[in-house]
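Engineer: Before I ask anything, let me first share the structure, which is written out below as structure tokens.
Read-outs throughout are calculated quantities, based only on the coordinates presented, and are distinct from any laboratory measurement. No experiment lies behind these values; they were computed from the predicted model shown. Here the Cβ is made from the backbone with ideal geometry for all residues, glycine too, and neighbour counts use every protein chain on show.
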Amino acid sequence: MKRITCLSQVTDTDRGACAAIGNFDGVHLGHQAVLDLTRQAARAQDAPLAVLTFEPHPREVFHPDGAPFRLMNAEAKAHRLDKLGVDILFQLPFDTPLYGLSDTGFCNEIIVRGLGLGGVTVGADFRYGTGRTGDTETLRAAGHAQGFDVTIVDLVGLANGGERVSSTAIRNALRDGQPRKAKDMLGHWHRIDGPVIHGEKRGRTLGYPTANMSISGLHPPKFGVYAVLVEIVAGPKAGNYHGVASLGVRPMFGQNVPNLETFIFDFDGDLYDQHLSVGLVEYLRPEMKFDGLPALVAQMDADQTRARTLLVGLP
């Protein structure tokens, strides 16, 4: 997948693409419905399949002091869209020149002149331009006037007739320790992506070496221990593994900065600075403070046994 982060990188071969537009936080089933129709349009026009999204997320710009809310960082989003077969990711900077554009200016300067899109696909609740004055009707009118196709996708609900699929509903499920409910809306396991960072290496002395990852800037799922699926994205150990992970502040050791510590089953090797993608499958228990290290290790043994059983048959 080609990744373009500013308009100056757009070449003639990129122009004419059909693009799904949106924030795509989580790349959930609603986003995938938009992407599926974009794929159909791209095939009909023999054009590249593209996604147009923005970094940082607009909410981070307009509410910089708000609590972390993102389901995915930029790298995780790109990784997921690549897996879904996207040819070009237009990941444009959401800066003053961009969010200062009117709805007409957005169509003129971004869709037509900047990217030269042949078609765009958006959800039914799409809004754009300063003050969010643009909507699906103004987008249709602009497309008709300026020669790009516009496809509108209805909002997606759960197959069982439950709540509408949304990033907010997914955040709520993760907050409540329900990763399987989140998966029903995402269409994939919720994953935390990022590089392995150096920790205190305490797990090695306990027989449980862990890969530590920051969750800074991300919406925190319920703190506790999870059965997880692990993808090592690149390198000599690249592949898919099972494991158990602790998400939180490690009360046993008086920590206060939350992170993710993953023990990968049947794995031997150094993963520092490697990129991992850790999927939360089952919430096993909350964080706990133990009377001593033997009690902690006994619980970790039990967590590992339960996680291995839960993960049987998963890729």
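Engineer: Go through segment 94-183 and name the trypsin sites (Lys or Arg not before Pro) that are in a DSSP coil and have 16 or fewer other Cβ atoms within 10 Å of their Cβ.
Structural biologist: Details: sites: ARG113, ARG127, ARG132, ARG140, ARG164, ARG171, ARG175, ARG180, LYS181, LYS183; in loops: ARG127.
Listed in order of number, the matching sites are ARG127.
Engineer: Return the calculated 222 nm mean residue ellipticity for the chain, to the nearest 500 deg cm²/dmol, obtained by summing -39500 (n - 2.57) across DSSP H runs with n ≥ 4 and dividing by the residue count.
Structural biologist: Values: 10 runs with 91 residues, N = 315.
The helix contribution divided over the chain gives -8000 deg cm²/dmol.
Engineer: How high is the relative contact order of segment 228-283, given as a whole-number percent (alpha carbon pairs under 8 Å, six or more residues apart)? Don't skip to the answer; put the middle values down first.
Structural biologist: On the way: 83 pairs, mean separation 24.7, N = 56.
Worked out over segment 228-283, it gives 44 percent.
Engineer: Under a point-charge model restricted to the Cβ atoms of Lys and Arg (+1) and Asp and Glu (-1), what is the dipole moment magnitude of segment 13-63 relative to its Cα centre, in debye to the nearest 20? Walk me through the numbers on the way to the answer.
Structural biologist: On the way: 4 positive and 6 negative charges, 30 e Å.
In debye, rounded to 20, segment 13-63 gives about 140.
Engineer: Using only the Cα atoms of segment 44-148, what are the Rg and Dmax in Å?
Structural biologist: 14.5, 44
Engineer: Continuing with the same structure: In nm, to one decimal, how far is the SER214 label point from the ARG3 one, both placed 7 Å along Cα→Cβ?
Structural biologist: That separation, rounded to one decimal, is 1.6 nm.
Engineer: Counting only DSSP beta bridges with both residues in the chain, what percent are antiparallel, rounded to the nearest 5? Working shown, then result.
Structural biologist: Numbers: 35 of 57 bridges.
In the chain, approximately 60 percent of DSSP beta bridges are antiparallel ones.
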